[in-house]
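Since the structure comes first, as structure tokens, the remarks are kept for the end.
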Amino acid sequence: MDFRYDDTTEALCARVQDFMDRYVLPHNRQWHEQAGRGEHPTQLLDDLKEIAKDEGLWNLFLPGLRDDEPGTRLSNLQYAPLAEIMGRLPWASEVFNCSAPDTGNMELLHLFATPAQRERWLLPLLHGQIRSAFAMTEPDVASSDATNIQTTIRRTADGYAVNGRKWFTTGAIHPYCQVAIVMGVRADADEHDTHRRHSMVLVPMDTPGVRIVRNIPIMHHLAVDGHCEVLFRDVHVPLGALLGEEGAGFTLAQARLGPGRIHHCMRTIGQCELALDLMGERALERRAFGKRLADQANIRDWIAESRIEIDQARLLVLKAADRIDREGNKAARVDVSAIKVLAGRLQTRVLDRAMQVFGAMGLTDDTPLAFLWSWGRALRFIDGPDEVHLGVVAKAELARITANLGNNTEYYTPPRGLG
């Protein structure tokens, strides 16, 4: 078993890190100053995107790119360490056209778009000319069970009418956001056929009846792109707005989430690596009770435990990425659920230690720690809560054990001389 990245990945890791050091990090203060004023740094991002395109660091996340589509054709396993590098700076992924929710939406369109949808939406997304949103979660139901969704998609004479309320629709107020993929229940669906009741439609954001109600703060932080509550009131779209087939929405949602969870988890690992670096630097610089913090036994334990846990998590995420590449999303479903639980818990744990080492400063915006901790906590809900993913892992494990019942009876027999 070879744990090294292949030569292509190693070379790209060096190039992405160099790009981050030369172009992205020097603009971090500017990005935060503009975002802090509620302004989206579009010109800054546009300039950096053009450089990323010129350097061939574009659309790194999509394995199935066609010859006429811009980007670098990497497997999930190859892309994973690049997501880790980008993840150290939460806004950096957009520079490479690798940010959520566009990545998942592009994957959906790549798999299921009609030629007209591909021309209107996918190609502009691949070229970074527009952004998109994904409207699935709802405030009035437990959306962790997607069969609960209440937004309706009703067939009309010439198209579909969408009615419902969504929230945590990421990116909806980005200046370039032009389309939302909306998941809803077919009005004529059989209520007993729980996994064939949903459809997805492409809704241009300027369609009459679409209203952004508010940008929802996450732990008192307002994202400049928005995690928005969006109202769809008698929104009419043509028949050509249907993505895939009627009733296939649930299947499409599952296809979208597998690789996206790999991306989330690897960005989390990058943020944990940053937190560990900052924690170590602070521990070496600060003194208390006549010693450096780095000489205190409990601080050394936190540093060691963080190193061990980050490396464990990375190996498990790479294992899941490799399985998706080899066997597909469905086969890797349990692996992906496992890393999804692991990542959010890892991030809050490592960031909590780092904040403690920084003291009161760790609670302020003078460091990225407080924001990264809150994002780790949010990750325990994003793309499904921990409890759902634990259920997936437990179900698979119990099925394995059930299939092997009786095979372990010999272990109950005591060794000779001890019975």
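Numerical summary
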{"read-out": "Unique match (being in contact with a strand residue (DSSP E or B) (Cβ under 6 Å, 6 or more places away or on another chain), at pLDDT 90 or above, closer than 30 Å to LEU276 by Cβ and not β-branched (Val, Ile, Thr)) among ALA378, ALA370", "value": "ALA378"}
{"read-out": "Those residues of segment 265-324 which are of a type in the set (Asp, Glu), in contact with a Leu (Cβ under 8 Å, 6 or more places away or on another chain) and within 19 Å of GLN347 (Cα to Cα), in sequence order", "value": "GLU309"}
{"read-out": "Given (1) outside any helix (DSSP H, G or I); (2) closer than 24 Å to CYS265 by Cα, number of the condition LEU351 does not satisfy", "value": "(1)"}
{"read-out": "Test result for MET200, loosely packed, with under 13 Cβ neighbours inside 10 Å, outside the structural domain of GLY384 (by TED's automatic domain parsing) and either closer than 29 Å to HIS127 by Cβ or modelled with pLDDT under 95 (or both)", "value": "no"}
{"read-out": "Of residues in segment 180-197 being of a type outside the set (A, V, I, L, M) and in contact (Cβ under 8 Å) with a residue 60 or more places away in the chain, the one surrounded by the fewest Cβ atoms within 10 Å (Cβ to Cβ)", "value": "ARG186"}
{"read-out": "Criterion violated by ASP301 - all others in (1) part of a helix (DSSP H, G or I); (2) touching a helix residue (DSSP H, G or I) at 6+ places or on another chain (Cβ under 9 Å); (3) not β-branched (Val, Ile, Thr) satisfied", "value": "(2)"}
{"read-out": "Given (1) more than 23 Å from the chain's Cα centre (by Cα); (2) under 26 Å from MET200 (Cα atoms); (3) modelled with pLDDT under 95, index of the condition ALA116 fails", "value": "(3)"}
{"read-out": "Cross-chain or 6+ apart pairs with Cβ under 6 Å, segment 121-137 first and in contact (Cβ under 8 Å) with a residue 40 or more places away in the chain, then basic (Lys, Arg)", "value": "GLY128/LYS49; ALA135/LYS166"}
{"read-out": "Residues being in a helix (DSSP H, G or I) and either crowded, with 19+ Cβ neighbours inside 10 Å or in contact with a Leu (Cβ under 7 Å, 6 or more places away or on another chain) (or both) - total across segment 235-249", "value": "2"}
{"read-out": "Criterion (assigned to a loop (DSSP other than H, G, I, E, B) and buried (at least 16 other Cβ atoms within 10 Å of the Cβ)) met by exactly one of ALA223, ALA255, ALA283", "value": "ALA223"}
{"read-out": "From the options ARG256, ARG286, ARG267, residue that is touching a strand residue (DSSP E or B) at 6+ places or on another chain (Cβ under 8 Å) and within 20 Å of PRO385 (Cα to Cα)", "value": "ARG256"}
{"read-out": "Enumeration of residues in segment 195-213 that are among the β-branched types (Val, Ile, Thr), closer than 21 Å to LEU242 by Cβ and in a strand (DSSP E or B)", "value": "VAL201, VAL203, VAL210"}
{"read-out": "Those strands (runs of 3 or more DSSP E) lying entirely in segment 140-194 with at least 2 residues farther than 19 Å from LEU108 by Cα", "value": "152-155, 159-170"}
{"read-out": "Answer residue from segment 322-364, given it is of a type in the set (Val, Ile, Thr) and over 19 Å from SER306 (Cβ atoms) and is surrounded by the fewest Cβ atoms within 10 Å (Cβ to Cβ) among those", "value": "THR364"}
{"read-out": "Verdict on PHE371 being in contact with a His (Cβ under 9 Å, 6 or more places away or on another chain) and assigned to a helix (DSSP H, G or I)", "value": "yes"}
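The values are calculated or read from the model by the stated rules, or taken from the named source; none is laboratory data. Since we're looking at a predicted model, the values are computed, not measured. We place every Cβ from the backbone using ideal geometry, glycine too, and count neighbours over all the protein chains shown.
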